[in-house]
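Please read the structure below before turning to the comments.
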């Protein structure tokens, strides 16, 4: 018997999934994966070095604003370049 993440998969479940796949899926109803787009194209990862004090301050601000580190950094860059 096959397992998925340690859970046994019965022959009936296996056949039901195969039948469902053969009928096809409504692509519009499938859950989209990946991160939300941030602009017109794919985002790039830009490594940045921060000292412990600046990183702690960044984390405090992100927690205060209920956003990620990345969002705080993006907003700071937008403010700087505008």
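Some values worked out for this structure:
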item	result
The chain: angle of helix 69-81 to the longest principal axis, Cα-based, in degrees nearest 10	50 degrees
Ratio Rg/Rh, restricted to the chain and using Cα atoms, in which Rh is the Kirkwood radius	1.25
Helix axis angle, 52-65 relative to the chain longest principal axis, alpha carbon, degrees	70 degrees
Packing-based ranking, highest mean first, of 66-79, 10-23 given that Cβ atoms within 10 Å are counted	66-79, 10-23
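All of the numbers you see were taken from the coordinates with simple rules; none came from a lab. Please read these numbers as outputs of a predicted model, since none were measured by experiment. Counting neighbours? That spans all protein chains shown, and the Cβs are built from the backbone with ideal geometry, glycine included.
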